[in-house]
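The structure appears below as structure tokens.
The values are calculated or read from the model by the stated rules, or taken from the named source; none is laboratory data. Only a predicted model underlies this, so the values are computations on that prediction, with no experimental measurement involved. What goes into the accessible areas is simple: the full protein's heavy atoms, side chains included, and nothing from ligands, DNA or RNA. Shrake-Rupley method; radii C 1.70, N 1.55, O 1.52, S 1.80 Å.
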Amino acid sequence: MREIGYNRKQSVLYARRWAFGRNPAYYDFGQIGGDCTNFVSQCLFAGCRVMNFTPVFGWYYRSANDRTASWTGVEFLYNFLTANDGAGPYAEEIPLVQLQPGDVIQLGRTGGDFYHSLLAVGFFGGVPLVAAHSFDAYARPLSSYSFERMRAIHILGARAD
């Protein structure tokens, strides 16, 4: 496995290009549970250009019917990123103040699950600005969302075979 790095700029540029549209290469899950994590995964892929084709526990998308749960599921993406020791992006949970553009934010309920994935695209006055699908946004202040808890996920890099 070799380190290939993570291009934050490409991730953010992808988010800007597709925040208010849908890349026809990917299915839009908006009508069947939400498209937020699918969109964030696309942004992450734009920043690393490698997927992890490990069945079940990897991170890949070939089609709507041939993908891992981590590509489209909030909790599954977190589990993949923070435990990945193979191909693809890998990450760690960090305090919000350490967040960088190209990192992931997930929103959750107190004592419950996390339900929404966002991509950090910048900052304004120290407040993270995010891009998202399901409620399409680009450079929307995180402070404009209503949530009970959140976690910041810092992409440390990416690996390829």
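Taking all protein chains together and a probe of 1.4 Å, list HIS133, HIS154 from the most accessible to the least accessible.
Output order, biggest surface exposure first: HIS154, HIS133.
Please list, in order along the stretch 51-67, the HN-Hα scalar couplings obtained from phi with the Karplus expression 6.51 cos²θ - 1.76 cosθ + 1.60 (θ = phi - 60°), rounded to whole Hz, x for Gly and Pro.
Karplus-based 3J(HN,Hα) across the stretch 51-67 equals 10, 10, 8, 5, x, 6, 9, x, 8, 7, 9, 10, 6, 4, 9, 9, 7 Hz.
When the accessible area of the chain is split by element with a 1.4 Å probe, what percent falls to carbon and sulfur?
53 percent
Just to make sure I understand: if all protein chains stay in place, what is the order of ARG109, ARG149 by accessible area at 1.4 Å, largest first?
Of ARG109, ARG149, the descending order of accessible area is ARG109, ARG149.
For the stretch 98-160, rounded, prolate or oblate, judged on the Cα gyration tensor with a ≥ b ≥ c (square roots of eigenvalues), a/c < 1.5 rounded, else prolate if a/b > b/c?
Taking the square roots of the gyration eigenvalues as a ≥ b ≥ c, the stretch 98-160 is oblate.
What percent does the relative contact order of the chain come to when contacts are Cα pairs within less than 8 Å and at least six residues apart?
Result for the chain is 30 percent.
Percent relative contact order of the stretch 82-131, based on C-alpha pairs within less than 8 angstrom and at least six residues apart?
24 percent
Compute the accessible area per residue over the stretch 63-105, keeping the other protein chains in place, probe 1.4 Å, unit Å².
Result: 43 Å² of accessible area for each residue.
How much space per residue, in cubic angstrom, does the convex hull of the C-alpha atoms of the chain take up?
Taking only Cα atoms, the chain has a hull volume of 105 Å³ per residue.
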